[in-house]
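Quick note: the coordinates plus some simple rules give every number you see, no bench work behind them. A quick note: this is a predicted structure, and the numbers were derived from the prediction, not measured. Neighbour counts run over all protein chains shown; Cβ positions are idealised from the backbone, glycine included.
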There are 2 protein chains.
Amino acid sequence: MRQIHHPSLAQITLTDIMYALSDPTRLEIVARLAKADRKMTCGEFDLNRPKSSLSHHFKILRAAGLVETMIEGTEHMNTLRLSEIEQKFPGVLSAVLQAIVVN
Amino acid sequence: MRQIHHPSLAQITLTDIMYALSDPTRLEIVARLAKADRKMTCGEFDLNRPKSSLSHHFKILRAAGLVETMIEGTEHMNTLRLSEIEQKFPGVLSAVLQAIVVN
DNA sequence: TCTATTGTTCGAATATAATCGAACAATAGA
DNA sequence: TCTATTGTTCGATTATATTCGAACAATAGA
């Protein structure tokens, strides 16, 4: 477990971002992270799904570069990489987040 | 053939949009349509693929609400539904288009 | 050292998507 | 009516994703 890989800004692609956001569960996770604006453990999002399924979705969010996960004890603390994504793709993620709130 | 179904604004979902934009070929089609800013036939995008594959991608773009196709003679004229999508999800598609141009 | 907690990985089943040739449909124009 | 043009639909194959239980790994705290 120990270390978790995160892509650098240069490695993040628009298609990966779009793909990660095309699943309702993942979109929900991203929305909750944005709204909370703090580190959240995987368990806090009590979506109605087994651990292994959630772990899978977090893996995709991390691989896309949307979520950063830092290990603190036995917990995995997740944050949205909002400012970084905004730097690379200005307006994309912020507009998506706004769209989730409104719609 | 005759008529082609297009979703109404109310039927368009963010996840469908994200999914449609997660494929490089479709993203390319959307980018070309935006840049051209005019009606384009399917054949004009000479992507290196068989007709049936392109037809499949256009179908998904239409179903997501991104592309409108009007039949003129034997040709199918495609346009981006940019202003409509902007109305429902302000900033999302325009930011994506900008990101394609820059990156 | 034992146990509880948190999350990942594995493996297998199921579902969804991409790809492309061939056949088909609609229309324009000769 | 015949033919060329433009795309769609069908059907089959291959590739990717999703889902979830079970086993595993890392750590904290008793």
**Item:** Cα-based reach from A:LYS51 at 14 Å (exclusive), listing aspartates and glutamates while leaving out same-chain residues under 8 positions away
**Value:** A:GLU75
**Request:** Quickly work out the B:SER53-to-A:GLU86 label distance, labels modelled 7 Å from Cα along the C-beta direction, and quote it in nm with one decimal.
**Result:** 3.9 nm
**Request:** Enter the mean projected area of the convex hull around the alpha-carbon atoms of the protein assembly as shown, in nm², rounded to one decimal.
**Result:** 12.8 nm²
**Asked** Volume per residue, Å³, of the convex hull around the alpha-carbon atoms of region B:62-102?
**Response** 76 Å³
**Message:** From the C-alpha coordinates alone, can you work out the Kirkwood hydrodynamic radius of chain B, in Å?
**Reply:** 13.8 Å
**Request:** Along Cα→Cβ, 7 Å out, is where each label goes; now give me the distance between the ones at B:LEU9 and A:ARG38 in nm to one decimal.
**Result:** 3.8 nm
**Complete:** Going through A:LYS88/B:LYS39; A:LYS35/A:LYS88; A:LYS35/B:LYS88; A:LYS88/B:LYS35; B:LYS59/B:LYS88; A:LYS88/B:LYS59 one by one, the pairs whose alpha carbons sit over 26 Å apart turn out to be A:LYS88/B:LYS39; A:LYS88/B:LYS59
